[in-house]
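In what follows, a single structure is set out as structure tokens and then discussed.
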Amino acid sequence: MSDFIKQLPSLLGVMIGAFGSYVVVMRGDRARFRREHAARRQEQQLAAYTDYALTLKKTVTLHRRVAAHLGYDGYPHPLPAAEVAPLLVDAADSRSVAGEGLLMLGSSDVVEAAHGWAVTVMEVADLLHAPGCTADMWLAQIEKQRVAREKYYTAIRRDMGLPPGHSGRWQLSPTQPS
């Protein structure tokens, strides 16, 4: 029995060391899992934010093509409203799907900014088909849409902890707003 008692401190030291190693490894694994989970979530958020933005941008581009056909906009590829109508339906369907991802993964501020941008895009469509629409009215509404888009991107950058970015305003010529 005395040999066992002599070895007991060593045995306890090994057991305490093994337990300590286990605790350190488990904490490290948990921390790594949380970091990886946060990174995956941020990637998913960015994808949802981008998908939604692309659907709205596509809708705006299609409306600008119609406006160019009507002489309100200097967009380089004009199309008549009849040709754009099925493309707008597809864009609306895509926006609906992307909107669900945005609602699931987006922060409240980003979702609110997205809603504000979507409302201005709907106003763009309404103005385009309104009797009495002029090029000046059109350009003012497109500018309002740009401001709403900029607010959306600002909300995204703030939500994701990114530095301020470019406004996205590339003025090509006085008749071709970005």
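The values are calculated or read from the model by the stated rules, or taken from the named source; none is laboratory data. Keep in mind that what you see is a predicted model, and the values were worked out from it rather than measured. Ideal geometry is used to build each Cβ from the backbone, glycine not excepted, and the neighbour counts take in all protein chains shown. For the accessible areas, the whole protein counts, side chains as well, though only heavy atoms, and no ligand, DNA or RNA atoms are used. Shrake-Rupley method; radii C 1.70, N 1.55, O 1.52, S 1.80 Å.
Among the numbered conditions (1) open to solvent by 80 Å² or more (accessible area, probe 1.4 Å); (2) more than 30 Å from ASP109 (Cα to Cα); (3) in a helix (DSSP H, G or I), the only one that HIS77 does not meet is (3).
Scanning region 120-136 for residues that are part of a helix (DSSP H, G or I) and over 15 Å from ALA53 (Cβ atoms) yields MET122, GLU123, VAL124, ALA125, ASP126, LEU127, LEU128, ALA135, ASP136. Yes or no: region 19-38 includes at least one residue that is at negative phi, surrounded by 10 or more Cβ atoms within 10 Å (Cβ to Cβ) and not in a helix (DSSP H, G or I). No, region 19-38 contains no residue that is at negative phi, surrounded by 10 or more Cβ atoms within 10 Å (Cβ to Cβ) and not in a helix (DSSP H, G or I). Determine, yes or no, whether ARG65 is among the charged types (D, E, K, R) and under 30 Å from LEU127 (Cα atoms). Against the criterion (among the charged types (D, E, K, R) and under 30 Å from LEU127 (Cα atoms)), ARG65 qualifies. Only residues that are open to solvent by 50 Å² or more (accessible area, probe 1.4 Å) and touching a residue at least 60 places away in the same chain (Cβ under 8 Å) were counted across region 85-136, and they come to 1.
Based on what the data block shows, is ASP159 crowded, with 16+ Cβ neighbours inside 10 Å and within 14 Å of the chain's Cα centre (by Cα)? Answer is yes for this residue. Scanning region 49-96 for residues being under 16 Å from the mean Cα position of the chain (by Cα) and aromatic (Phe, Trp, Tyr) gives a total of 2.
Of the residues making up region 48-67, those that are closer than 15 Å to GLU150 by Cβ, among the hydrophobic types (A, V, I, L, M, F, W, C) and open to solvent by 10 Å² or more (accessible area, probe 1.4 Å) number 0.
Restricted to region 2-13, and to residues there that are of a type in the set (A, V, I, L, M, F, W, C) and surrounded by 10 or more Cβ atoms within 10 Å (Cβ to Cβ), the residue that is farthest from the chain's Cα centre (by Cα) is LEU8.
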